[in-house]
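Written out below as structure tokens is the structure these notes cover.
The values are calculated or read from the model by the stated rules, or taken from the named source; none is laboratory data. Values in this document were obtained by computation on a predicted structure and should not be read as measured data. Ideal geometry is used to build each Cβ from the backbone, glycine not excepted, and the neighbour counts take in all protein chains shown.
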Amino acid sequence: MRYFNKLLYTVLFPSIAFHGYGNSPVIPLESPDWEMVWSDEFSAPEIDTTKWRHIDKGDGFGNQELQYYTPRKKNSFIKDGKLVIKAFKETYKGRAYTSAKLESRGEANFTYGKFSFRAKMPIGKGMWPALWMMPSDMNKLDGWPMCGEIDVMEYLGHEPNKIFGSLHFGDPWPNNAYTGGNYYLPSGTFHDDFHIFELIWIPGKIQWFVDGKLYSSKTKWYTAAPGQKPPAPYNYDFFLIMNLAVGGNLPGSPDATTKFPQTFEVDWVRVYKYNGEFPEIETPFNKAVSKIAPGFKLDNNGDYRLKGKPVDYLNQRITLKVLALDEKKPVSLSKSLKANKDTKLKFSISSQVGQKWQLVIKVNDKVIKKLKVMSKTETDWLDEVIDLSKYKGREITVKIENQKIGNRAKVGYISEIKLD
């Protein structure tokens, strides 16, 4: 979940559109060196207030969410050995929906370990449950996002076979960054049954799993908080959060197909510490960071678009710019940035649902790549990697064009512009 009311992101490393499964786990999930140090099996008749506290608030949480989180037993309770978070369509304290959000803040805080949840998702447009973590003392690193955020699992109810996990970190808003990955069920949906969502967090590396399968592995992050060194910000205490949001910038509002009430069920939560010796992880923080290209801004989900209201993108042309962490100002991609023969340019691109787009990449006005894009859903992205090694030092330009002549296209996006 994106914390606070600061929702515009600079994308640094692969975004939630990335589908890579990473490498092998650095520590096996079932290693005998894992020792369970905290858990909630939800076996008591009531929610354990020595482990969890309720949020009593409904201000949109920076994501334009529609729910009010209440401490009422109607919205969160124990049933059949499971925590049930229940969302209702009802007017409450000025909001159109109610739900619940539980935190272990002040009760349980952790630095490093294995974090396991067994849960079952709701379904329908506008449903946005999450299992995630925030720092116990955000001010220690100058607040969000410099303090970091760890999303163990997020899910959108209109894409019931998909979940994603991510990290948020970096510079002060609006130049903050995130990285993460997706997992798609090979069959069925996350609403049909319970699944196990796990995260291994060790110094310099964070990995995500579904039902024991590794689907994302990250080692690249940073914080602009003064006086901090790698692996900051992920070397401090974090607490656990479970919630079911309704609506918001990411899933959109519920529609006529969304049936209420909706439930998000959690069977158990387990936290393990590692009694072995942590492996040494290389932390390559000094990498190029994408910055906003001229004439563009970041939208609510961290994607690049032309400034102002939705406009005609027909034949618009931009020159991408990047900023290396050891540089003081943005430089054009026509500069080498100490690039070597393996330099690559990475894109994630998307169109307005149903519209056909073409991304044209040119070097010195010569077309080297054309990418056709037509998104079928709001979260449908095309990932592309372009080898720039033989174009080192030349001007790289990008033209976005609508493929249907005469159609005045309204929205198109570029996310994850990265020089690697």
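Give the residue, chosen from Lys220, Lys259, that is basic (Lys, Arg) and over 21 Å from the mean Cα position of the chain (by Cα).
It is Lys259.
Identify the single condition in (1) touching a strand residue (DSSP E or B) at 6+ places or on another chain (Cβ under 9 Å); (2) assigned to a loop (DSSP other than H, G, I, E, B) that Ala119 does not satisfy, given that it satisfies every other one.
(2)
In a strand (DSSP E or B), farther than 27 Å from Trp208 by Cβ and either free of Cβ contacts under 8 Å to residues at least 60 places away in the same chain or of a type in the set (A, V, I, L, M) (or both): is that true of Thr98 in this structure? Before the answer, list the steps.
On the way: in a strand (DSSP E or B): yes; farther than 27 Å from Trp208 by Cβ: yes; either free of Cβ contacts under 8 Å to residues at least 60 places away in the same chain or of a type in the set (A, V, I, L, M) (or both): yes.
When the stated conditions are applied, Thr98 passes them.
Would you say Thr179 is of a type in the set (Ser, Thr, Tyr), farther than 25 Å from Ser253 by Cβ and buried (at least 22 other Cβ atoms within 10 Å of the Cβ)?
On the way: of a type in the set (Ser, Thr, Tyr): yes; farther than 25 Å from Ser253 by Cβ: yes; buried (at least 22 other Cβ atoms within 10 Å of the Cβ): yes.
Yes, satisfied.
Results for (1) part of a loop (DSSP other than H, G, I, E, B); (2) in contact with an Asp or Glu (Cβ under 8 Å, 6 or more places away or on another chain); (3) over 20 Å from Ile196 (Cα atoms); (4) not assigned by TED's automatic domain parsing to the domain that holds Asp40, shown as yes or no for each residue.
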site	(1), (2), (3), (4)
Ser217	no, no, no, no
Trp221	yes, no, yes, no
Asn235	yes, no, yes, no
Phe239	no, yes, no, no
Thr257	yes, no, yes, no
Thr263	no, no, no, no
Val269	no, yes, no, no
Glu282	yes, no, yes, yes
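Identify all residues within segment 95-115 that are buried (at least 22 other Cβ atoms within 10 Å of the Cβ) and of a type in the set (Ser, Thr, Tyr); write none if there are none.
Across segment 95-115, the qualifying residues are Tyr97, Thr98, Ser99, Ser104.
For segment 44-89, which residues satisfy the criterion of being under 23 Å from the mean Cα position of the chain (by Cα) and within 15 Å of Leu240 (Cβ to Cβ)?
Within segment 44-89, Ile55, Ile85 meet the criteria.
Please go through segment 125-144 and pick out each residue that is surrounded by 19 or more Cβ atoms within 10 Å (Cβ to Cβ), in a loop (DSSP other than H, G, I, E, B) and touching an Asp or Glu at 6+ places or on another chain (Cβ under 8 Å).
Scanning segment 125-144 gives a single hit, Gly126.
Quickly run through segment 76-94 and pick out the residues that are crowded, with 21+ Cβ neighbours inside 10 Å and out of contact with any Pro (no Cβ under 9 Å at 6 or more places or on another chain).
Hits for segment 76-94 are Ser76, Leu83.
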